[in-house]
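The structure appears below as structure tokens.
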Amino acid sequence: MKKFFAIALGILTAIGGFVDIGDLVANGLVGARFGLSLAWVVIVGIVGICVFAEMSGRVAAVSGRATFDLIRERLGPRVGLLNLAASMAVTLLTFTAEIGGVALALELATSVNPYLWVPVVGAAVWLVLWRVRFSVLENAFGLAGLALVVFAVALWQLGPDWSALWESASRPSLAEGESRAVYFYYAIALFGAAMTPYEVFFFSSGGVEEGWTAKDLGVMRANVFIGFPLGGLLSIAIAASAAVTFFPQGIEVDTLGQLGLPVGLALGKLGLAFLLLGFFAATFGAACETGLSVGYSISQYFGWQWGKFVEPLRAARFHTVLLVSTIIAVGVLLTTVDPIILTEYSIVFSAVALPLTYFPILVVANDRTYMGEHANGRLANTLGTIYLFIVGVAAVAAIPLMVLTKAGQ
């Protein structure tokens, strides 16, 4: 039973990483606009995040130290600071988008303006990060986020032409009126949503919080190879439900409410109730992940006491970072910036930051000083090198494609 609940860390990371506000928006928009012709990107993203999450989790379990703690020591303070700055800029932007996503989910449930919910959500997230134990956080939001399986149930109830869906997924092609530039812009956006930097920061730091050792490598790998593919399957179900409902009519999805329409059509009020629970749990869980990731990474780099395994007074600077980050996120949202637009930008900029995030992980995972017999083998290094090339291409292409396509318009 203890090992079963240990896998909840992987489930939370999968739901909060793959199916957060970024993934909800990206997959809904892409499914409505391109059908399943970009499903291959999700598969590529699943493999990539599994490769690097397994490395970061293995490093945490074997060394007992998390990502930025080792990056500064291995690569030096200047290179480490560059990685920290780039990764934290994206993670803070993502944290802001997640808080906005929770507010949008509450708007759907209450019809209250989301900007009125923003300060409430910010306060709630900070209180949870300050007071709620890590084990409660991972189990409660990880398992509640599984309510998003309702998208898969709805897809089945809609009775789609499965052969047509498979044709769209297995033989990608441009939709009528779409350009290659726009197609690849959204491919990079989906890839960025799948491999957001905070996922590995949270996962490795969470492993340290849980006290993983080399004996826990089996549990860690179960977290990775069960949790992340689960999130990927849910992502494809979201895109497929949007493709079935909106793509034939040429309707674009640009709100969270529109994204839920296929579930309402297929399953009625009961389905919508599960959907709202899933929206709230996934976005709130992801807000907690990203908020913690900001605090984890900054504290690890500067050598401060960090984590929810110590009392707040003993980790005062860590909790101060969490508070300041929450205030900044709420302040940005109260300018009335559209959380959906903010989300779209955050996942594209995530793609830009990927090389600076994953290269140090590959370096540390190969260092036998830290890893001993658990250093990367040939398969891990081959896959890691291939994915470094892929994320490098995505990082170089992201901004030019954003400018060329006017952010996918």
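The values are calculated or read from the model by the stated rules, or taken from the named source; none is laboratory data. Keep in mind that what you see is a predicted model, and the values were worked out from it rather than measured. Reconstructed Cβ throughout: ideal geometry from the backbone, glycine too, with neighbour counts over all protein chains shown. Quick note on the areas: whole protein, heavy atoms, side chains included, nothing else; ligands and nucleic acids left out. Shrake-Rupley method; radii C 1.70, N 1.55, O 1.52, S 1.80 Å.
The figures follow:
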| item | result |
| --- | --- |
| Answer from L106, L116 - the residue that is in a helix (DSSP H, G or I) and more than 22 Å from the chain's Cα centre (by Cα) | L116 |
| Residue within region 67-81 that is at pLDDT 85 or above, β-branched (V, I, T) and in a helix (DSSP H, G or I) present | no |
| Any hit, region 349-361, residues being open to solvent by 70 Å² or more (accessible area, probe 1.4 Å) and out of contact with any helix residue (DSSP H, G or I) (no Cβ under 8 Å at 6 or more places or on another chain) | no |
| Tally, over region 367-388, of residues that are farther than 24 Å from V42 by Cβ and either in contact with a strand residue (DSSP E or B) (Cβ under 6 Å, 6 or more places away or on another chain) or in a helix (DSSP H, G or I) (or both) | 9 |
| Meets criteria (without any contact (Cβ under 8 Å) to a residue 12 or more places away in the chain, open to solvent by 30 Å² or more (accessible area, probe 1.4 Å) and assigned to a helix (DSSP H, G or I)) for E176 | no |
| Filter pass, L233 being more than 28 Å from F95 (Cβ to Cβ) and open to solvent by 30 Å² or more (accessible area, probe 1.4 Å) | no |
| Options L265, L292, L270, L275; residue that is farther than 19 Å from D23 by Cα and open to solvent by less than 10 Å² (accessible area, probe 1.4 Å) | L292 |
| Residue within region 13-33 that is modelled with pLDDT of 90 or more and of a type in the set (V, I, T) present | yes |
| Candidate set from region 340-367 (those that are hydroxyl-bearing (S, T, Y) and touching a Pro at 6+ places or on another chain (Cβ under 7 Å)); member that is nearest to C50 (Cα to Cα) | T357 |
| Candidate set from region 251-262 (those that are buried (at least 18 other Cβ atoms within 10 Å of the Cβ) and of a type in the set (A, V, I, L, M, F, W, C)); member that is nearest to F95 (Cα to Cα) | L256 |
| Test result for G145, in a helix (DSSP H, G or I), at pLDDT below 90, touching a helix residue (DSSP H, G or I) at 6+ places or on another chain (Cβ under 7 Å) and open to solvent by less than 50 Å² (accessible area, probe 1.4 Å) | yes |
| Which listed residue is part of a loop (DSSP other than H, G, I, E, B), among the β-branched types (V, I, T) and within 28 Å of E73 (Cβ to Cβ), from V310, V391, V337 | V310 |
| Test: residue in region 123-145 that is within 30 Å of F203 (Cα to Cα) and in contact with a Ser or Thr (Cβ under 7 Å, 6 or more places away or on another chain) | yes |
